[in-house]
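A quick write-up on the structure given underneath.
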Amino acid sequence: MRRKVIIDQDTLGPAGTNLQAVALLLNAPEIEVLAITVPTGDHWRDQQVRHALRLLEIMVRTEIPVAPGAEMPLASTPATVAAWEAVHGKLVYNGAWDLARPGRWADPREVCDLPEGNPKSPPAAEAASDLIVRLARRHPGEISLWCGAPFTNVALALALEPRLPELIREVHFMGGSFAPATAAREFVQNPRREFNLRFDPEAARTVLRAPWRRLVCAPIDISQNERATPDLFARIARAGTPLAAYLDRFGRRDRPMWDEVAAATWIDPTLVTRTERHHLDVETIPDAAWGETLHRPAGSPGATGTAAEVQLALDVPRFRDLFVDLCSRP
């Protein structure tokens, strides 16, 4: 049987780490993608939904529904984050709320034309959290949640269905940061403050404390130094497929492959060469440590939730070969 998965992703595009990870999951032959659910994260939800729909058109996979999810985090807003920054200093990256970055705007409902072409396919009429719950009830114990976004959609699904942790086979997510070996300004500022968990820390706390059957974390530590280099896209371009042409034009060179690593290690767990088990949490008190990844070793007294398998080292050559292979498939 093919493994069933719901992709929960903030599908900023075109291409880039978010949609390149989606492409890997769509092209893995042993994987059945049931749906893509999209919250606000790297950009506003509505704009990201359109990038996801367009990727599915390019890959001729429009049978897969794209469900719009949370427009805002559970508690954080641009105003609350700005107030925190006024006291503790400007964050290096703020996703959809980074209005100083090109291509960002303040209105969450605003959309603009896509460089890769606007989608003709509509999004699903069903909300992301409703879809997650409905599919989990239909396929109990069979579906994995692969998450590369802030956890807002999953937290809302948990509120709708408290039994979700027993209905879902596993949660595999890209997020969190412990001690990444990097000079990247974001993690020099704070090595434990990673965007996916920090953008909606209340949602992350809710999800990480839930009693999942299995929880797997692909943090910044395993992926920050794995770069999307021009040679990878040159190898893919030789395939001559619509996806290869899309990646040849829009694939982001010399950027960390955060989400691609997390997708690949779910597809093939043997790519991971070192793990540790920890109970994970996120600091939600809005002081200087707000948004930091917290952890205790598995089995620590008083720890809540499922101890996560934290991925810390990668078989890089095999990962790069898998990335090229899956992105080159017709």
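Mind checking the stretch 124-170 for trypsin sites (Lys or Arg not before Pro) that DSSP puts in a loop (not H, G, I, E or B) and that have at most 12 other Cβ atoms within 10 Å? Write down the numbers at each step before the final one.
Values: sites: R134, R137, R138, R163, R169; in loops: R163, R169.
Those satisfying the criteria are R163.
Could you compute Rg(Cα) / (2.2 N^0.38 Å) for the stretch 64-164, with N its residue count? Intermediate results must be reported in sequence, preceding the final value.
Working: Rg = 16.8 Å, N = 101, 2.2 N^0.38 = 12.7 Å.
So the stretch 64-164 has a normalised radius of gyration of 1.32.
Based on the Cβ-Cβ distance of D231 and H139, what FRET efficiency does E = 1/(1 + (r/R0)^6) give at R0 = 25 Å, to the nearest 0.05? Please list the in-between numbers first.
Details: r = 40 Å, r/R0 = 1.58.
After rounding, the FRET efficiency stands at 0.05.
Show the residues, 5+ positions off or on another chain, whose built amide H is closer than 5 Å to the amide H of V216.
Long-range HN contacts for V216: V171, H172, F173, E309.
With a 10 Å radius around each residue's Cβ, average the other Cβ atoms per peptide and rank 263-272, 119-128, highest first. List each step's numbers first, then the result.
On the way: 263-272: 20.7, 119-128: 16.4.
Taking the mean over residues of other Cβ atoms within 10 Å, the ranking is 263-272, 119-128.
Report the Stokes-Einstein translational diffusion coefficient (µm² s⁻¹, integer) for the stretch 1-108, Rh taken as the Kirkwood radius over Cα pairs, at 25 °C with viscosity 0.890 mPa s.
Numbers: Rh = 15.0 Å.
Diffusion coefficient, whole number: 164 µm²/s.
How charged is the neighbourhood of L55? Take every other residue with its Cβ under 9 Å from the Cβ of L55, and add Lys/Arg as +1 and Asp/Glu as -1. Walk me through the numbers before you get to the answer.
Working: positive: R54, R61; negative: E57, E116.
Here the charged neighbours net out to 0.
Among 19-31, 97-109, 173-185, how do they line up from the highest to the lowest mean number of other beta-carbon atoms within 10 Å?
Numbers: 19-31: 21.8, 97-109: 12.0, 173-185: 18.8.
Ranked by mean Cβ neighbours within 10 Å, highest first: 19-31, 173-185, 97-109.
Antiparallel as a % of all DSSP beta bridges within the chain, to the nearest 5?
Of those bridges, close to 35 percent are antiparallel.
For R193, which sequence-distant residues (separation of 5 or more, or a different chain) have an amide H within less than 5 Å of its own amide H, given hydrogens modelled in the peptide plane?
So R193 has HN proximity to T293.
Applying the Karplus parametrisation 6.51 cos²θ - 1.76 cosθ + 1.60 with θ = phi - 60° to the phi angles of the stretch 66-77, what ³J(HN,Hα) value in whole Hz is obtained for each residue in order, glycine and proline being reported as x?
Each residue of the stretch 66-77 in turn: 10, 9, x, x, 6, 7, 9, x, 4, 10, 5, 9 Hz.
Rounded to the nearest 500, what is the 222 nm mean residue ellipticity of the chain from helices alone, with -39500 (n - 2.57) per DSSP H run of 4+ residues and division by all residues?
Values: 14 runs with 123 residues, N = 330.
My calculation for the chain gives -10500 deg cm²/dmol from helical runs alone.
Positive end of the charge dipole of the chain (Lys, Arg +1 and Asp, Glu -1 on Cβ, about the Cα centre): tell me which of A239, T62, A136 has its Cα farthest that way.
Projecting each Cα onto the dipole axis, the largest value belongs to A239.
For T62 and A83, what is the calculated FRET efficiency with R₀ set at 35 Å and r taken between the beta-carbons, to the nearest 0.05?
Numbers: r = 42 Å, r/R0 = 1.21.
Efficiency computed from Cβ-Cβ geometry: 0.25.
When the Karplus curve 6.51 cos²θ - 1.76 cosθ + 1.60 is applied with θ = phi - 60°, which whole-Hz ³J(HN,Hα) does each residue of the stretch 322-330 get, with x for Gly and Pro?
Values, residue by residue: 5, 4, 5, 4, 6, 6, 9, 5, x Hz.
Go through [x] 65, 41, 40; [y] 63, 48, 48; [z] 53, 45, 41 and flag the label whose value is the computed Cα extents along the principal axes in Å for this structure.
Step by step, Cα extents along the principal axes in Å for this structure corresponds to label [z].
How would you order 82-94, 145-157 from highest to lowest mean count of nearby Cβ atoms within 10 Å?
Working: 82-94: 13.8, 145-157: 28.3.
Order by mean packing, descending: 145-157, 82-94.
With an 8 Å cut-off on Cα pairs and a minimum separation of 6 or more residues, tell me the relative contact order of the chain in percent. Each step should come with its number before you reach the end.
Values: 717 pairs, mean separation 65.8, N = 330.
Normalised by residue count, the contact order of the chain is 20 percent.
I need the phi-derived Karplus couplings for the stretch 251-258: 6.51 cos²θ - 1.76 cosθ + 1.60, θ = phi - 60°, integer Hz, Gly and Pro marked x.
Values per residue, Gly and Pro as x: x, 7, 7, 6, 10, x, 9, 4 Hz.
Values in this text are rule-based calculations from the coordinates and carry no lab data. Predicted model only: the values in this text are computed from it and were never measured. Positions of Cβ are generated from backbone atoms using ideal geometry, with glycine treated the same way; all protein chains shown enter the neighbour counts.
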